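Peer 1: The structure under discussion is supplied below as structure tokens; questions concerning it will follow.
The values are calculated or read from the model by the stated rules, or taken from the named source; none is laboratory data. On a predicted model such as this, the values are computed, not experimentally measured, just so you know. Please note: Cβ atoms are built from the backbone with ideal geometry, for glycine as well, and neighbour counts cover all protein chains shown. Only protein heavy atoms, including side chains, enter the accessible area calculation; ligands, DNA and RNA are left aside. Shrake-Rupley method; radii C 1.70, N 1.55, O 1.52, S 1.80 Å.
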Amino acid sequence: MIDLYTDATPNGLKIAIALEELDLEYQAHRLYLGGEQKTPEFTQLNPNQKIPVLVDGDITVTESGAILYYLAQKTGRLLPQDMVKRTKVMEMLMLQMSGVGPNFGQFLVWAAAWGNEVPQASDRYQKEVIRLFSVLEQHLDGHNYFAGDEFTIADIAFLPWIRLCHVHPVAQSLPLDNFKNLSNWYQRVIEREAVQRGLLVPEPHEPEKMFKAFVSSTVGLGELHNA
């Protein structure tokens with residue numbers, strides 16, 4: 001039995017989607033990120049005090065990209081065997097982990113958690129996310145998925161972040177509709193039954209509670225990281 005320690009954040013939802021796509025048996029343990037990630041028990045699993053964490057027998061894996069890769073390796077699915085195609089998947093996975101995720105996250109920090117008190121910062125990250133959307137648009141030109149015509153862990157990595165453009169009040173300001181290929185990819189992927197199941201794991205806290213946890217865990221703003 002696989003144990004998944006998670007919350008209904010983009011990085012957490014990636015792993016639930018992958019587990020559903022792979023039809024693996026697992027148990028999800030929901031953490032409230034307003035403080036439960038700081039407990040000694042969870043810190044022992046991940047000293048970085050971040051979700052998601054996957055425990056598979058004697059193996060503990062942290063970092064959502066590493067977990068996706070582990071699950072793909074474990075099952076031999078969602079990652080092509082051909083070296084060239086496999087490398088393209090990893091290239092796109094790294095783009096999500098190093099580009100879209102961090103910049104999208106910073107946009108939400110400055111525009112939402114900080115209430116847009118520093119509009120220059122919000123604008124900087126908003127523009128960078130939009131620029132990255134244009135990069136993704138080019139990658140999808142003539143292809144159904146990010147690494148070609150095969151659904152992979154790269155698509156799973158991007159999906160919860162792009163989904164924010166439809167479900168997050170601040171992210172709805174991003175002009176996703178201006179990117180035809182990216183919008184079509186989103187509709188194609190969001191309709192997968194396993195994706196829809198994964199997006200329900202875990203059940204999210206109420207929006208007000210989720211936002212309070214987001215503010216509390218924002219370094220320099222919330223109280224969780226005060227010395």
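Peer 1: Under 16 Å Cα-Cα from residue 88, which aspartates and glutamates qualify once same-chain neighbours fewer than 8 residues away are excluded?
Peer 2: Filter leaves 137, 141, 149, 150, 155.
Peer 1: Straight distance only, please: which lysines reach the Cα of residue 212 with their own Cα at less than 17 Å, same-chain residues fewer than 8 apart left out?
Peer 2: Reachable lysines: 38, 50.
Peer 1: Let me ask another. Probe radius 1.4 Å, ligands and nucleic acids ignored: give me the carbon and sulfur share of the accessible area of the chain as a rounded percent.
Peer 2: Carbon-and-sulfur percentage of accessible area, whole number: 50.
Peer 1: Oh, and also: Name the long-range amide H neighbours of residue 29: under 5 Å, sequence gap of 5 or more, or other chain; modelled H, no Pro or chain starts.
Peer 2: HN-HN under 5 Å from residue 29: 4, 5, 6.
Peer 1: Please tell me the relative contact order of segment 144-227 in percent, rounded to the nearest whole number, where contacts are Cα pairs under 8 Å and at least six residues apart.
Peer 2: Result for segment 144-227 is 14 percent.
Peer 1: Identify the residues of segment 1-36 with backbone N under 15 Å of a label point that sits 7 angstrom from the Cα of residue 77 along the Cα-to-Cβ direction, or state none.
Peer 2: Of the residues in segment 1-36, 2, 15-26 have backbone N under 15 Å from the label point off residue 77.
Peer 1: Give me the dipole magnitude in Debye, nearest 20, for the chain about the Cα centre, with unit charges on the beta carbon: positive for Lys and Arg, negative for Asp and Glu.
Peer 2: 420 debye
Peer 1: Here's something else I'd like to know. What share of the DSSP beta bridges in the chain is antiparallel, in percent to the nearest 5?
Peer 2: Expressed as a percentage, antiparallel bridges in the chain total about 65.
Peer 1: Would you kindly state the longest site-free stretch of the chain, with sites defined as GluC sites (Glu not before Pro) in a DSSP loop (not H, G, I, E, B) surrounded by at most 12 other Cβ atoms within 10 Å?
Peer 2: 26-116
Peer 1: Still on this structure, please answer the following. For the chain, evaluate the Debye formula with one uniform point scatterer on each Cα (no solvent term) and list log10 I(q)/I(0) at q = 0.14 Å⁻¹, rounded to two decimals.
Peer 2: Treating every Cα as an identical point scatterer, log10 I(q)/I(0) equals -0.90.
Peer 1: Take residue 1 and residue 172, extend 7 Å from each Cα along the Cα→Cβ direction, and tell me the distance between the two endpoints in nm.
Peer 2: 3.9 nm
Peer 1: P(r) for segment 108-162: what percent of alpha-carbon pairs falls in each 5 Å bin, starting at zero?
Peer 2: For segment 108-162, the binned pair fractions read 4, 18, 20, 19, 13, 11, 9, 5, 1 percent.
Peer 1: Provide the per residue accessible area, probe 1.4 Å, for the chain, rounded to a whole number of square angstrom.
Peer 2: Per-residue accessible area for the chain comes out at 49 Å².
Peer 1: Any chance you could check the Cα centroid distance between segment 1-63 and segment 107-144 for me, in angstrom?
Peer 2: 26 Å
Peer 1: Going by a ≥ b ≥ c, the root eigenvalues of the Cα gyration tensor, does segment 42-163 fall in the rounded group (a/c under 1.5), the prolate group (a/b larger than b/c) or the oblate group?
Peer 2: Because a/c hits 1.5 or more and a/b fails to exceed b/c, segment 42-163 counts as oblate.
Peer 1: Quick one: which residues, 5+ away or cross-chain, put their amide H under 5 Å from the amide H of residue 60? H built at 1.01 Å from N.
Peer 2: For residue 60, no residues qualify.
Peer 1: Could you tell me the relative contact order of segment 1-99? Use alpha-carbon pairs under 8 Å, at least six residues apart, and round to a whole percent.
Peer 2: Relative CO of segment 1-99 lands at 28 percent.
Peer 1: State the volume of the convex hull built on the alpha-carbon positions of segment 96-227, expressed per residue in Å³ and rounded to an integer.
Peer 2: 118 Å³
Peer 1: Calculate for the chain the 222 nm mean residue ellipticity that helices alone would give, adding -39,500 (n - 2.57) per DSSP H run of length 4 or more and normalising by residue count, nearest 500 deg cm²/dmol.
Peer 2: Roughly -15500 deg cm²/dmol at 222 nm, from the helical runs in the chain.
Peer 1: Percent antiparallel among DSSP beta bridges with both residues in segment 1-135, to the nearest 5?
Peer 2: Antiparallel: roughly 60 percent of the beta bridges in segment 1-135.
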